[in-house]
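The values are calculated or read from the model by the stated rules, or taken from the named source; none is laboratory data. Everything quoted here is computed from the prediction, not taken from an experiment. FYI the Cβ positions are ideal-geometry reconstructions off the backbone, even for glycines, and counts take in every protein chain you see. Keep in mind that these areas ignore ligands, DNA and RNA; they rest on the heavy atoms of the full protein, side chains included. Shrake-Rupley method; radii C 1.70, N 1.55, O 1.52, S 1.80 Å.
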Amino acid sequence: MATLLQIHPENPQPRLITKAAEVLRDGGLIAYPTDSCYALGCALENKEGIERITRIRQLNSKHHFTLMCHDFAQLGQFVIVDNSDFRAIKSMTPGPYTFIMKATKEVPRRMMHPKKHSVGARIPQNTTALALVEAMGEPILSSTLLLPGDEDPLTEAEDVMDQIGHDVDVVIESGTPGVVPTSVIDFTGKYPEVARVGAGDVSRFLDE
């Protein structure tokens, strides 16, 4: 059964953040809150972690995994941000947005889209999630905790423990996360395209 870590949502205890980061580094899988519901997360090079996320969510090979980044500089190391898109993306971070972009060579091939070589990336507006990414020193490979057959992602630690407590190593309880998934903007084409309307305002892209 997963370990439940209760972390203060505004002032995360360094000891508990370090403990969660150590689980990730040791090959573990965690469920953690973000500004847009819970996410499943593992270390970038964790092949088994990707397989566990895929199994829990019953994902297909075309799923875009997301790099949960600490800041814009870190995001820029793992995805290619064109000059024409820079201002728009910078203005939406941190926030409830996921950007689909071409991946750099820093990204493990197994987490890229098989044909587009693209990946999702985002910077959350959640203190605990940001502290965890900072402690890792690299992005956390993540996927929204939306279970097969469910219309809405999980938002309560108790529900996460009940439903997938045997499938993950740590569940972090840290305040109330967002209840709506991120808005997803695809920047891999000639023009930005809204792939999912979620918590973030996407009107600027729909007007074009």
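Per-residue answers, yes or no, for (1) at pLDDT 95 or above; (2) of a type in the set (A, V, I, L, M, F, W, C):
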position	(1), (2)
A88	no, yes
Y97	yes, no
M101	yes, yes
M112	no, yes
Practice task
Could you pull out the residue among L59, L67 that is at negative phi, out of contact with any His (no Cβ under 6 Å at 6 or more places or on another chain) and open to solvent by less than 10 Å² (accessible area, probe 1.4 Å)?
Solution key: L67
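Can you confirm whether R15 is open to solvent by 10 Å² or more (accessible area, probe 1.4 Å), out of contact with any helix residue (DSSP H, G or I) (no Cβ under 7 Å at 6 or more places or on another chain) and in contact (Cβ under 8 Å) with a residue 60 or more places away in the chain?
Numbers: open to solvent by 10 Å² or more (accessible area, probe 1.4 Å): yes; out of contact with any helix residue (DSSP H, G or I) (no Cβ under 7 Å at 6 or more places or on another chain): yes; in contact (Cβ under 8 Å) with a residue 60 or more places away in the chain: no.
It is false that R15 is open to solvent by 10 Å² or more (accessible area, probe 1.4 Å), out of contact with any helix residue (DSSP H, G or I) (no Cβ under 7 Å at 6 or more places or on another chain) and in contact (Cβ under 8 Å) with a residue 60 or more places away in the chain.
I'd like the residue in region 39-49 that is of a type outside the set (D, E) and out of contact with any helix residue (DSSP H, G or I) (no Cβ under 6 Å at 6 or more places or on another chain) and, out of all such residues, is most open to solvent (accessible area, probe 1.4 Å). Can you show your working first?
Within region 39-49, the first condition is being of a type outside the set (D, E), and the residues that meet it are 39-44, 46-47, 49.
After this cut, where a residue has to be out of contact with any helix residue (DSSP H, G or I) (no Cβ under 6 Å at 6 or more places or on another chain) as well, the list is 39, 41, 44, 46-47, 49.
On the way: A39: 6, G41: 0, L44: 8, N46: 18, K47: 114, G49: 1 Å².
So the residue we want is K47.
More than 20 Å from K47 (Cβ to Cβ) and in contact (Cβ under 8 Å) with a residue 40 or more places away in the chain, is that true of L146?
Values: more than 20 Å from K47 (Cβ to Cβ): yes; in contact (Cβ under 8 Å) with a residue 40 or more places away in the chain: yes.
Considered against the rule, which asks whether it is more than 20 Å from K47 (Cβ to Cβ) and in contact (Cβ under 8 Å) with a residue 40 or more places away in the chain, L146 comes out as yes.
Looking at P181, P124, P94, which is the one that is more than 15 Å from I53 (Cβ to Cβ), open to solvent by less than 20 Å² (accessible area, probe 1.4 Å), not in a strand (DSSP E or B) and not small (G, A, S)?
P124
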Handout entry: Lone unmet requirement of (1) part of a helix (DSSP H, G or I); (2) open to solvent by 10 Å² or more (accessible area, probe 1.4 Å); (3) within 23 Å of G178 (Cα to Cα); (4) hydrophobic (A, V, I, L, M, F, W, C) for A21
Key = (2)
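Results for (1) surrounded by fewer than 17 Cβ atoms within 10 Å (Cβ to Cβ); (2) at pLDDT 95 or above; (3) hydrophobic (A, V, I, L, M, F, W, C), shown as yes or no for each residue.
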{"site": "R25", "(1), (2), (3)": "yes, yes, no"}
{"site": "G28", "(1), (2), (3)": "no, yes, no"}
{"site": "C37", "(1), (2), (3)": "no, no, yes"}
{"site": "R52", "(1), (2), (3)": "no, yes, no"}
{"site": "F72", "(1), (2), (3)": "yes, no, yes"}
Exercise for the section: Scan (1) open to solvent by 40 Å² or more (accessible area, probe 1.4 Å); (2) under 21 Å from G76 (Cα atoms); (3) hydrophobic (A, V, I, L, M, F, W, C) for the single condition V197 breaks and write down its number. Expected result: (2)
